[in-house]
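Enquirer: Quick one: the structure is below, and I'll ask about it shortly.
Each reported figure results from applying straightforward, stated rules to the coordinates on display, with no laboratory input. Please read these numbers as outputs of a predicted model, since none were measured by experiment. Neighbour counts run over all protein chains shown; Cβ positions are idealised from the backbone, glycine included.
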Amino acid sequence: MIDLRSDTVTKPTAEMRQAMYDAEVGDDVYGEDPTVNRLEELAAALLGKEAALFVTSGTQGNQLAVLSQTAPGDEIILESDSHIFYYEGGAVSALAGVQTRTVQGNKGSISEELLQKAIRGNDIHFPDTSLVCYENTHNRAGGAAVPLENMKRIYKTAADAGIKVHLDGARLFNAAAALNCSIDELASWCDTVSVCLSKGLGSPAGSILAGSAEVITKARKWRKRLGGGMRQAGILAAPGILSLTKMTERLRTDHENAQFLAQGLRQIKGLKVINSVDTNIVLIDISAWETTNEAFIADLKSEGLLAVGFGENIIRFTTHYDVNRGDIEKAIAAVNKIKKIQMA
Ligand code: TLP
């Protein structure tokens with residue numbers, strides 16, 4: 001089975017499994033796991049932040065950022081298709097007690113004008129705007145790499161209004177590869193940043209939240225409150241270190257494979273590639289085939305290919321470490337084959 005549902009599906013490499021076996025561990029709730037401490041120091045240094053925290057998932061990293069930088073009753077500004085708004089089960093309202101205000105982005109970028117309009121003024125009737133969240137790469141915009149210029153504008157507009165900024169950088173290393181920037185340059189345009197180790201970087205689990213020492217201390221307490229204080233977590237931090245040191249450079253291969261896939265899909269009658277394929281995600285519109293997402297995905301599965309529905313008549317394919325060029329060729333052939341079934 002060729003699994004292009006997500007880059008979360010990768011299995012840890014042999015080197016990662018060995019590092020897990022060999023990891024020196026201690027009780028991380030006491031701050032005594034040397035491998036976790038090493039991962040957190042490494043991540044903070046790479047991201048150019050004072051401190052970093054190893055968290056269970058991208059969702060937990062995002063939620064801790066919101067919990068640590070807002071108060072109940074505040075309003076936070078999000079792009080309308082952002083992961084935090086769209087895919088995190090309403091957690092910001094359930095956990096942090098904040099309300100959300102969304103602004104429509106363009107390929108993940110939020111315009112300065114819309115952002116400025118969304119920031120609340122000083123009026124007794126209004127909630128306080130305390131946080132702006134943006135995403136790079138932007139998942140629902142098809143892995144779009146938000147340009148550095150836009151990141152700077154978002155950060156400066158918010159900072160001028162005294163508002164903190166969180167960057168959901170689940171795939172920030174993909175953005176760095178696409179934009180030819182260093183990771184710390186990207187992470188400098190936010191107060192806190194979350195980065196997933198278990199997507200394109202191949203770790204079995206875990207994410208990083210980085211920011212000022214003060215915010216990360218608060219986040220550590222929130223993580224404990226949420227039951228995310230893990231004990232001998234060095235077992236999971238060990239592959240995380242390999243993710244950050246050995247897996248970032250190769251992301252360009254995933255991007256090239258996504259380009260190759262898009263090129264193949266564009267040749268298939270009736271299918272439209274609807275994103276610019278900046279990174280490792282390809283979105284296609286299947287409306288012209290008069291099928292449903294469910295039927296299309298089931299047909300693909302019967303040909304040995306897994307993909308996910310991503311909105312009405314939209315299918316997402318994601319390339320990653322566990323698929324190579326040969327798999328992508330087979331994936332294109334599988335779509336071609338189901339076209340023949342459809343047309344028969
Ligand atoms: N995204 C997953 C699904 O939840 C959609 C995927 O397969 O792409 N931020 C961004 C931008 C993400 O894409 C994701 C995961 C997360 C946060 C959450 O990460 P996890 O799954 O580790 O909680």
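Enquirer: Could you work out Rg/(2.2 N^0.38 Å) for the chain, with Rg from alpha carbons only?
Expert: This ratio for the chain stands at 1.01.
Enquirer: Treating only the Cβ of Lys, Arg, Asp and Glu as charged (+1, +1, -1, -1), what charge dipole size does the chain show about its Cα centre? Round to the nearest 20 debye.
Expert: Dipole of the chain, to the nearest 20 debye: 640 debye.
Enquirer: Hey, another quick one. At a 10 Å Cβ-Cβ cut-off, how would you order Thr100, Thr279, fewest neighbours first?
Expert: So the ranking, lowest neighbour count to highest, is Thr100, Thr279.
Enquirer: If you don't mind, there's one more thing I want to ask. If all Cα-Cα distances of region 244-313 are sorted into 10 Å bins from 0 onward, what percent lands in each bin, rounded to whole numbers?
Expert: Each 10 Å bin holds this share of Cα pairs: 18, 46, 26, 8, 1.
Enquirer: While we're here: Name the residue farthest towards the positive end of the dipole of the chain from the options Ala333, Ala158, Ile284, assuming +1 on Cβ of Lys and Arg, -1 on Cβ of Asp and Glu, about the Cα centre.
Expert: Of Ala333, Ala158, Ile284, it is Ala333.
Enquirer: While we're on this one: Apply the Karplus curve 6.51 cos²θ - 1.76 cosθ + 1.60, θ = phi - 60°, to the phi angles in region 127-135 and return the couplings in whole Hz, x for Gly and Pro.
Expert: x, 7, 7, 10, 8, 10, 10, 9, 9
Enquirer: Using amide H atoms built in the peptide plane, which far-off residues or other-chain residues are under 5 Å from Ile2 H to H?
Expert: Leu305, Leu306
Enquirer: If you don't mind, another one. For the residues Asp28, Asp160, what sequence is obtained by ranking on other C-beta atoms within 10 Å, fewest first?
Expert: Ascending Cβ contact count within 10 Å gives the list Asp160, Asp28.
Enquirer: At 7 Å along the Cα-to-beta-carbon direction for both Lys107 and Glu294, put a label point, then send me their distance in nm to one decimal.
Expert: Calculated label separation equals 3.5 nm.
Enquirer: In addition: Determine the sum of side-chain charges near Val193: Lys and Arg each +1, Asp and Glu each -1, restricted to other residues whose C-beta is under 13 angstrom from that of Val193.
Expert: -3
Enquirer: Compute the normalised compactness of region 1-110: alpha-carbon radius of gyration over 2.2 N^0.38 Å, N being the residue count.
Expert: So region 1-110 has a normalised radius of gyration of 1.35.
Enquirer: Enter the Cα centre distance for the pair region 21-97 and region 195-210, rounded to the nearest angstrom.
Expert: 11
Enquirer: Counting only residues 5 or more places away or on other chains, whose amide H sits under 5 Å from the amide H of Val103 once H atoms are built in the peptide plane?
Expert: Answer set, sorted by chain and number: Leu78, Glu79, Ser80.
Enquirer: Scanning the chain for helices, which whole DSSP H stretches are 15 Å or more long along the axis (Cα) and average 0.0 or more by Kyte-Doolittle?
Expert: Those that pass (Cα extent of 15 Å or more, hydropathy at least 0.0) are 34-47, 234-246.
Enquirer: Looking at region 178-287, which GluC sites (Glu not before Pro) are in a loop (DSSP not H, G, I, E or B) and have at most 14 other Cβ atoms within 10 Å?
Expert: Glu249
Enquirer: Please report the antiparallel percentage of the DSSP beta bridges confined to region 12-246, to the nearest 5.
Expert: Within region 12-246, antiparallel bridges account for around 40 percent of the total.
Enquirer: In sequence order, what are the phi-derived ³J(HN,Hα) couplings for region 192-198 according to the Karplus relation 6.51 cos²θ - 1.76 cosθ + 1.60 with θ = phi - 60°, rounded to whole Hz, with x for glycine and proline?
Expert: 3J(HN,Hα) across region 192-198, in whole Hz: 10, 9, 10, 9, 8, 8, 9.
Enquirer: Could you list Asp278, Asp7 in order of exposure, starting from the residue whose Cβ has the fewest other Cβ atoms within 10 Å?
Expert: Asp278, Asp7
Enquirer: Sort region 82-140 into rounded, prolate or oblate with this rule: let a ≥ b ≥ c be the square roots of the eigenvalues of the Cα gyration tensor; rounded if a/c is under 1.5, and if a/c is not under 1.5, prolate when a/b is larger than b/c, oblate otherwise.
Expert: Verdict is oblate for region 82-140.
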